[in-house]
Amino acid sequence: MKKDKPRVAIQGIRASFHEEAAFKYFGENIQTIECNSFKQTFDALEANEADYVVMAIENSIAGSILPNYSLLLNYNFPVIGEIYLPIQLHLMALPGVAFEQVKYVTSHPIAIRQCIDFFDEYPHLKIVESNDTAACAKRIHDEKLTDTVAIANTLAAKLYGLDILERRIESNKKNFTRFLILTTHDNVVKKPADKASLCFQVSNQVGALAKVLNIFATQGVNMSKIQSMPVLGKRNEYNFYVDVEWEETKQYDAAVKQILKYTHNFNILGEYKRYEDEASAEKPQKTAPPSKPERKYISIKKLEK
């Protein structure tokens, strides 16, 4: 029987950036499955408690989320799509709270660091790190914190009834996070593809990796991403995670056929349509923001009204 709503597992709670990415890919008529970790999202998919997983894989400032590459390989769920989400960060508080009342600012540590230019102007604020942007907004709502602001997205402000005091406080306005969409093998719907995520190993010899990469170039296949991860317990051995794009399927097929001769443990993690819109067409800067003076952070457990 076909389900009314697709069940989508995300890391975090409702109104997180993961849910926003899920809405952007599937539309808002979904059932969100909240999970405490990325591993739990895969476990939910494996236990048939979810139909899909939406998982962040890289950010244009913070870089790759390395543990998630291991999840891709260990669970072997196929990647069926991707979505790029612009990360827009807003300052929010309970209705009626003035910025002059605020003593604390709370959010995910990466979100805080992406707004450090804004908070350099307010050195009296104590910064409180937490594990989820939306959870910070929810905590302000649940505990009626009048001395605390959260950094989160507009979904969080709307869901938890907070007022946005200041919009777009992030230092880099061209920051994007890339999310992968995964499902079970039984749930895959075959569609024309022009992008693939691959994983393979090569011998520890001079030119071994270059030989593989040259095959992509010779066949007219664009390599849009490469990430290496050490093979656990094996010195000088690495898994190479590669994203490739092509215009004609025969280019990709020919490249894979040749590469199989020069690699081992070759895996196709997924073949799917690459995401393209005005946002993803912009090439976000990969450089980190200028370094700032070290700030002192306090534990979330020490936050008091």
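Structural remarks
- ASP4 being over 25 Å from ALA157 (Cβ atoms), acidic (Asp, Glu), over 11 Å from the mean Cα position of the chain (by Cα) and modelled with pLDDT under 95: yes
- Qualifying residue in the range 160-182 (condition: closer than 19 Å to ILE13 by Cα, modelled with pLDDT under 95 and touching a His at 6+ places or on another chain (Cβ under 9 Å)): no
- Which listed residue is of a type outside the set (Ser, Thr, Tyr) and free of Cβ contacts under 8 Å to residues at least 24 places away in the same chain, from GLU20, GLU46, GLU100: GLU100
- For the range 1-31, a tally of residues being among the small types (Gly, Ala, Ser) and closer than 11 Å to PHE179 by Cβ returns 2.
- Boolean, LEU213 is out of contact with any helix residue (DSSP H, G or I) (no Cβ under 7 Å at 6 or more places or on another chain), at pLDDT 95 or above, of a type in the set (A, V, I, L, M) and buried (at least 19 other Cβ atoms within 10 Å of the Cβ): no
- Here the range 7-33 is the region considered, the condition is being out of contact with any Lys or Arg (no Cβ under 7 Å at 6 or more places or on another chain) and among the aliphatic types (A, V, I, L, M), and the residue that is nearest to HIS108 (Cα to Cα) is ALA15.
- Test: residue in the range 280-299 that is touching a strand residue (DSSP E or B) at 6+ places or on another chain (Cβ under 9 Å), in a loop (DSSP other than H, G, I, E, B), within 20 Å of PHE179 (Cα to Cα) and modelled with pLDDT of 50 or more: no
- Test: LEU165 is in contact with a Lys or Arg (Cβ under 9 Å, 6 or more places away or on another chain), outside the structural domain of ASN59 (by TED's automatic domain parsing) and surrounded by 15 or more Cβ atoms within 10 Å (Cβ to Cβ): no
The values are calculated or read from the model by the stated rules, or taken from the named source; none is laboratory data. Predicted model only: the values in this text are computed from it and were never measured. FYI the Cβ positions are ideal-geometry reconstructions off the backbone, even for glycines, and counts take in every protein chain you see.
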